[in-house]
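Encoded as structure tokens, the structure appears first; notes follow it.
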Amino acid sequence: MPHYRSYDDSELHYRVLDARDGAAAPPLVCLAGGPGRDAGYLGNLGGLDGHRPLVLPDARGTGGSPPTADPREYAFPHLAEDVEALRAHLGLERFALLAHDAAAATAQAYAASHGERLSHLVLLCPGSRLQGELPEDAREIFESRINEPWWPDASVALQRLAEVSDFDELRELLLRVAPMAYGRWDEAQQTHAQAEGSQLNPVPRAGFWQGVDEPARRAILARLREVDCPVLVVTGDRDAVTGIRAGELVAESFPHAVLRPLHGVGHYPWVDEPEMLVPLVEQFLTASRG
């Protein structure tokens, strides 16, 4: 697995999925969420590697990247500086960045500090904690699925999640609530969900939002208004994790953002409907100005 050295000399790891069929498009750097989750869950993002190389870094303390001695380095603005070190290592003057879930906060922090380095930004199913709001529509989506067979057990587990502190129990509960994160609960979705517990690291997860005070949050949001690259925000109308409204708030934070809700899609659009997601992202990357 290749590695690079970040701003503090930490050796961090990444994978490259070479473009199939020799596609010569520029690479797409893809950030995993969680927070604190191994980038392996991104897979090949439903086949995006059929169009361009995918660069998948493991954030500090996840996958092949070692933990940091200073827990403050797990906070998402510091992870954004790891992205900048990766860009320099790859020799990219400008590049396209994709981020899923919590990593959307890392990507926004990167855009705020290094926006001139971005040709395109894709945010998949982002939350809006950085925007200072936690909309209720994710709960409404969950409640709307009450007639699905998995719902009663997931509902009990979801209530328990707010109280649990033991990480082994957390992993078990996450699997029980996993169906709410997908547009449907078929074999592909069940297989994808099975890996989540082993891919999470509790320490980076706990440190992701730490040390970012209100002035710092507001400063990031203010700088996003100056980001000039095109932005695509993708949401799913069956996403009971972050919902749709959070994506709307994130899109509103940028001057050049397009919001694309996908029908029948949950929190992992490349698992539920890759035939929707891949053309959408690829068209955005090739047709938008950069």
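Structure notes:
- Restricting the GluC sites (Glu not before Pro) of the stretch 1-99 to loop positions (DSSP other than H, G, I, E, B) with no more than 13 neighbouring Cβ atoms within 10 Å leaves E93.
- Within the chain, helix-based [θ] at 222 nm, where runs of 4 or more DSSP H residues each add -39,500 (n - 2.57), nearest 500: -11000 deg cm²/dmol
- Anisotropy class of the stretch 67-133 from Cα gyration tensor, a/c 1.5 cut: oblate
- Anisotropy class of the stretch 176-290 from Cα gyration tensor, a/c 1.5 cut: oblate
- Taking all Cα pairs closer than 8 Å and separated by 6 or more residues, the relative contact order of the stretch 163-243 comes to 40 percent.
- Under-5 Å amide H pairs with L232, H placed in peptide plane, nonlocal only: L121, V122, L123, V258
- Using the Cβ-Cβ distance between A25 and V164 with R0 set to 35 Å, the FRET efficiency from 1/(1 + (r/R0)^6) comes to roughly 0.20.
- Report note on the peptides 258-264, 48-54: ranked by the mean count of other C-beta atoms within 10 Å, highest first, their order is 48-54, 258-264.
- As a size descriptor, the averaged projected area of the C-alpha convex hull of the chain was calculated at 14.1 nm².
- Annotation for E172 and W150: the two label points, set 7 Å from Cα along the Cα-Cβ direction, are 1.9 nm apart.
- Spread over its residues, the convex hull of the C-alpha atoms of the stretch 22-80 is 81 Å³ per residue.
- Here the peptides 226-232, 59-65, 151-157 are ranked by packing, the mean other Cβ count within 10 Å, and the order with the highest first is 59-65, 226-232, 151-157.
- Of the GluC sites (Glu not before Pro) in the stretch 158-225, those whose Cβ has at most 14 other Cβ within 10 Å and which sit in DSSP loop: E163
- A DSSP coil position with no more than 14 other Cβ atoms inside 10 Å describes the following trypsin sites (Lys or Arg not before Pro) in the stretch 192-241: R225.
- Computed from the C-beta positions of R72 and E11 and an R0 of 22 Å, the FRET efficiency is 0.75 to the nearest 0.05.
- Screening the chain for DSSP H helices whose Cα atoms reach 24 Å or more along their own axis and whose mean Kyte hydropathy is at least 1.0 gives nothing.
- Based on the reciprocal of the average 1/r between different C-alpha atoms, the Kirkwood radius for the stretch 133-238 equals 16.6 Å.
Taken together, the values in this text are just the output of simple stated rules run on the coordinates, not laboratory data. None of the values given here were measured: they were computed from a predicted structure. Glycine gets a Cβ as well: all are built from the backbone with ideal geometry, and neighbour counts include every protein chain shown.
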